[in-house]
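Heads up, the thing below is written out as structure tokens.
The values are calculated or read from the model by the stated rules, or taken from the named source; none is laboratory data. Please read all numbers here as calculations on a predicted model, not as lab measurements. Glycine gets a Cβ as well: all are built from the backbone with ideal geometry, and neighbour counts include every protein chain shown. Just the protein is used for accessible areas: all its heavy atoms, side chains included, with ligands, DNA and RNA removed. Shrake-Rupley method; radii C 1.70, N 1.55, O 1.52, S 1.80 Å.
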Amino acid sequence: MTSAQIEIQLIASLVAIACAIPGTFLVLRKMAMISDAISHSILPGIVAGFFLTHDLNSPWLILLAAVTGIITVFLVEFIQKTGLVKEDTAIGLVFPALFSIGVIMIAKNANDVHLDVDAVLLGELAFAPFDRLEVNGTDLGPKSLWVIGCILLITVALLITFFKELKLSTFDKGLAATLGFSPVIMHYGLMATASVTTVGAFDAVGAILVVALMIAPPAMAYLLTTDLKKMLILSVIFGVIGAIAGYWVAHWLDASIAGSMTSVLGVLFLLVYLFAPGKGLISVLYRQKRQRVEVHLLTFLLHLQNHEEESERHVNHLNEHINWQKVRSKSVLDLALKNNMITIEDDIISLTKKGKSFTSEAIDYIITNKNAAIEEMKDRFFLFRG
Amino acid sequence: MSLEEYFSLVFSDYTLRTITLGTAVLGAICGMLGSFAVLRKQSLLGDAISHAALPGIAIAFLISGAKNSNTLLIGALISGLIGTFWIRGIVKKTHLKSDTALGLILSLFFGFGMLLLTFIQKMPNANQAGLDKYLFGQAATLVESDVWLMCIITGISLIVLLTFWKEFKILLFDIDYTKSLGFNTRFLDILITSFIVVAIVIGLQTVGVVLMSAMLLAPAAAARQWTNSLGTMIFLAAIFGAFSGVLGTAVSASSNNLSTGPVIVLIAAAFVVLSFIFSPGRGLLFREIRYWKNRNDLQLHKTLAFMFNIAKNHEDISHPHAVKILNNFQGYTKRSLKKLENREYITVSGSMWSLTKKGYKKATNLYNQQEETDD
């Protein structure tokens, strides 16, 4: 590995970490699309800043662009408060308009701007190591490394200082307000951090792909844990994996680094989405199937309890009466037998003592608890689950 | 070229005519289908789909090796649909919320698309130049067959819309009721979403991936402010869309260096702003005026109620009293007194006022909700 390669991977990892932290809170606050809006609408801010400073890494440019990001959030909320359109429409209206202004500003001044829209959207990480920060002739490393490093430091400092407040205002706005933490300040603070991070990251990974780094790692972490601290750590880990693996994929394919970072994140997300224990697609489908059988079993047992007469308890009768297919009746019957809920004599089914107590307790439970899950009861009674 | 020149050339010049027609038709179909997206609270779906279409374009190019826009559009359509259904899958099967799902699909698909695009650009024999026009759109590349395609799709979606009008309408406003009536909501949902995807895909070439969502939302959001009827809203949205298309093309054709997409979007946004402010029923301006009027009326009522409380203790309700006993606290100002006089609730002579019969009656019923509200 050359030193340039190490530097690129370092920058990419720092960007990924800096994005994952505010991203986690955005995902939890159901504001993920705001990051998309901010990443588009900072364009006019960047262009205006560039006219003034002529330096893409100047702190003034970053500040100006971040202000544009906050203006976006403010505009979205203003439009939403008028009640004329819903929140999502407000987002969808504001950022394309601001982005268009940015594109037109670039087009109108194409001659004296070394800034094209592609670069803003995509960034070019590969060139980052060539733009070096020099003080008194000594080489201190790539400029963007310093920029994103500073942003990351500030973000982490803010996170540690306000962790409690952020956590509280994320999960219970009302309580936060009663305890005297202003949710509005937290909200705008988070938005400001997200804007600054987006601006700082845009020339490394591009404005749109910042969104991927902000949303994908926290979304994966959210599927794996329900603990905020673990979620933050997992998002950071996923972000860094995406960044480093993405760099090598890009190296191998000779294609855009930002694009391949996102693609790696995409593949990771697909894996987590399918296989996450408890919340992934496969386990959800499995659980739904099991719950279906168990509900059927309950229906079946209730039916048995309601009917003393033998004709109603004949095995074949069940097919007709409860309107089940053969296979399903069989699986329900098997499950009931395995759990010692029923006995079968000459094709006549009767409830065992255990079956009876389960049924009456279950019906009691269903009547008194409107929406609580019945899982705990099932654990007590079932030897085998459906 | 100035704007006048543009309008004189629009009927004679082939290119200008095609582009203008194309953007107009596109604006109309986007407005039409966008109304559904806005009302179903799926506004950002358009943004996600348009980004998700990018890898489809790149893959279609990799497979066919040609820049035929129809093949590319089919690729875009397929990957747009995959994105849409994945979003639904994420929202339905996991506890991730719809905003996270949208953002995920949007950025992941787009990133993958960019990876493919840069990969294509580095291929040795690539005549790939022009693929990136799908990023920002280039109305100038529209040819007559594209416009025909747009017209045909608009026609089909109109027919479908009219056939399923009743079903779509009920689906929009009360989905549970629709289900209980026995309509197949899933089919209807997929049908309308697919048409939104189609509209987005045909717009990609003109407006581009990034700005397509505004094309879908802005006309519908503007139209929503003027009416409460679905039919009128769709009609208005189509007209707003078409006008933004035509005006945008005109403005961008009449000056250098202006790509059509952003200009169209800005004009559509201007329509939205105007509608937000000036629409008579919901607009901010008239709403403020209404508030202001109500506030003034309340002040008047307060004064009137105070007068009533004095007057009712007298045998003759029109017994004159001094103006002096009124003060600011009861909402009294010179103007409010004048207003009360104009409405014939009181008569003023010199520094004395007296309640009229009409005023007395009005004051008696002031807090009676059943009574007709005043002018």
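For the range A:100-109, the set of residues classified as more than 7 Å from chain B (Cβ to nearest Cβ) and open to solvent by less than 20 Å² (accessible area, probe 1.4 Å) consists of A:GLY102, A:ILE106, listed by residue number.
Is there a residue in the range A:238-248 that is out of contact with any Ser or Thr (no Cβ under 9 Å at 6 or more places or on another chain) and open to solvent by 10 Å² or more (accessible area, probe 1.4 Å)? Yes, the range A:238-248 has at least one match. Looking at the range B:1-104, the helices (runs of 4 or more DSSP H) lying wholly inside it that each contain 1 or more residues that are assigned by TED's automatic domain parsing to the domain that holds B:ALA237, of a type in the set (A, V, I, L, M) and closer than 30 Å to A:VAL272 by Cβ sit at B:14-39, B:43-64, B:69-93. Would you confirm, using the coordinates I've provided, whether A:LYS81 is outside any helix (DSSP H, G or I), of a type outside the set (A, V, I, L, M) and under 19 Å from A:MET186 (Cβ atoms)? So A:LYS81 fails the test.
Take the conditions (1) farther than 17 Å from B:ALA268 by Cβ; (2) in contact (Cβ under 8 Å) with a residue 40 or more places away in the chain; (3) open to solvent by 10 Å² or more (accessible area, probe 1.4 Å); B:VAL25 misses just one of them, which is (1). Residue-level analysis places B:ASP297 outside the set of residues that are of a type in the set (Asp, Glu) and free of Cβ contacts under 8 Å to residues at least 12 places away in the same chain.
Please determine, by comparing only the residues of the range B:197-228 that are within 12 Å of chain A (Cβ to nearest Cβ) and open to solvent by 10 Å² or more (accessible area, probe 1.4 Å), which one is farthest from B:PHE36 (Cα to Cα). Filtering first and then ranking leaves B:TRP226.
Within the range A:8-34, residues that are in contact (Cβ under 8 Å) with a residue 60 or more places away in the chain and outside any helix (DSSP H, G or I) reach partners that are surrounded by fewer than 24 Cβ atoms within 10 Å (Cβ to Cβ) and not small (Gly, Ala, Ser) with beta carbons closer than 9 Å, at six or more positions or on different chains, in the pairs A:ARG29/A:THR170; A:ARG29/A:HIS187; A:ARG29/A:LEU190. Would you confirm whether or not the range B:89-108 contains a residue that is modelled with pLDDT under 85, within 14 Å of chain A (Cβ to nearest Cβ) and surrounded by 14 or more Cβ atoms within 10 Å (Cβ to Cβ)? Checked the range B:89-108: no residue is modelled with pLDDT under 85, within 14 Å of chain A (Cβ to nearest Cβ) and surrounded by 14 or more Cβ atoms within 10 Å (Cβ to Cβ). Does A:ALA276 meet the test of being farther than 30 Å from A:HIS251 by Cα and among the aliphatic types (A, V, I, L, M)? Considered against the rule, which asks whether it is farther than 30 Å from A:HIS251 by Cα and among the aliphatic types (A, V, I, L, M), A:ALA276 comes out as no. Pairs are defined by a Cβ separation below 6 Å, a sequence spacing of at least 6 or placement on different chains, a first member in the range A:201-227 that is at pLDDT 85 or above, and a second member that is among the acidic types (Asp, Glu); the pairs so defined are A:VAL211/A:ASP36. Residues in the range A:79-94 that are more than 8 Å from chain B (Cβ to nearest Cβ) and under 19 Å from A:SER39 (Cβ atoms) were compared, and the one that is surrounded by the fewest Cβ atoms within 10 Å (Cβ to Cβ) is A:GLU87.
Residues checked against (1) assigned by TED's automatic domain parsing to the domain that holds A:ILE21; (2) within 20 Å of the chain's Cα centre (by Cα); (3) more than 22 Å from A:ASP36 (Cα to Cα):
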position: A:VAL211; (1), (2), (3): yes, yes, no
position: A:PRO217; (1), (2), (3): yes, yes, no
position: A:LEU224; (1), (2), (3): yes, yes, yes
position: A:VAL236; (1), (2), (3): yes, yes, no
position: A:SER260; (1), (2), (3): yes, yes, no
position: A:HIS317; (1), (2), (3): no, no, yes
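Take the conditions (1) over 30 Å from B:VAL251 (Cα atoms); (2) surrounded by fewer than 24 Cβ atoms within 10 Å (Cβ to Cβ); B:ALA58 misses just one of them, which is (2).
Among the residues of the range A:272-294, is any touching a Cys at 6+ places or on another chain (Cβ under 8 Å), touching a residue at least 12 places away in the same chain (Cβ under 8 Å) and more than 8 Å from every other protein chain (Cβ to nearest Cβ)?
Within the range A:272-294 (the criterion being touching a Cys at 6+ places or on another chain (Cβ under 8 Å), touching a residue at least 12 places away in the same chain (Cβ under 8 Å) and more than 8 Å from every other protein chain (Cβ to nearest Cβ)), the answer is no, since none of the residues qualifies.
Going through (1) of a type in the set (Lys, Arg); (2) at pLDDT 80 or above; (3) open to solvent by less than 30 Å² (accessible area, probe 1.4 Å) one by one, A:LYS378 falls short only on (2). Would you mind stating whether B:GLY137 is open to solvent by 30 Å² or more (accessible area, probe 1.4 Å) and more than 19 Å from the chain's Cα centre (by Cα)? No, not satisfied.
Is it the case that A:ALA97 is open to solvent by 10 Å² or more (accessible area, probe 1.4 Å), within 21 Å of B:ALA220 (Cβ to Cβ), of a type in the set (A, V, I, L, M, F, W, C) and in contact with a helix residue (DSSP H, G or I) (Cβ under 8 Å, 6 or more places away or on another chain)? Yes: the conditions hold for A:ALA97.
Taken over the range B:146-164, the criterion of being in contact (Cβ under 8 Å) with a residue 60 or more places away in the chain and either of a type outside the set (S, T, N, Q) or over 18 Å from B:MET215 (Cβ atoms) (or both) is satisfied by B:ASP146, B:VAL147, B:LEU149, B:MET150, B:CYS151, B:ILE153, B:LEU158, B:LEU161. Select from the range B:142-196 the residues that are surrounded by 13 or more Cβ atoms within 10 Å (Cβ to Cβ) and among the basic types (Lys, Arg) and write down the one among them that is nearest to B:GLY231 (Cα to Cα). Ranking the qualifying residues of the range B:142-196, first place goes to B:LYS169. B:GLY248 passes every criterion in (1) within 12 Å of the chain's Cα centre (by Cα); (2) open to solvent by less than 30 Å² (accessible area, probe 1.4 Å); (3) among the small types (Gly, Ala, Ser) apart from (1).
Examine the range A:285-300 for a residue that is assigned to a loop (DSSP other than H, G, I, E, B) and under 30 Å from A:ARG328 (Cβ atoms), and state whether such a residue exists. Within the range A:285-300 (the criterion being assigned to a loop (DSSP other than H, G, I, E, B) and under 30 Å from A:ARG328 (Cβ atoms)), the answer is no, since none of the residues qualifies.
If the condition is being part of a helix (DSSP H, G or I) and not β-branched (Val, Ile, Thr), then the range A:327-353 contributes A:ARG328, A:SER329, A:LYS330, A:SER331, A:LEU333, A:ASP334, A:LEU335, A:ALA336, A:LEU337, A:LYS338, A:LYS353.
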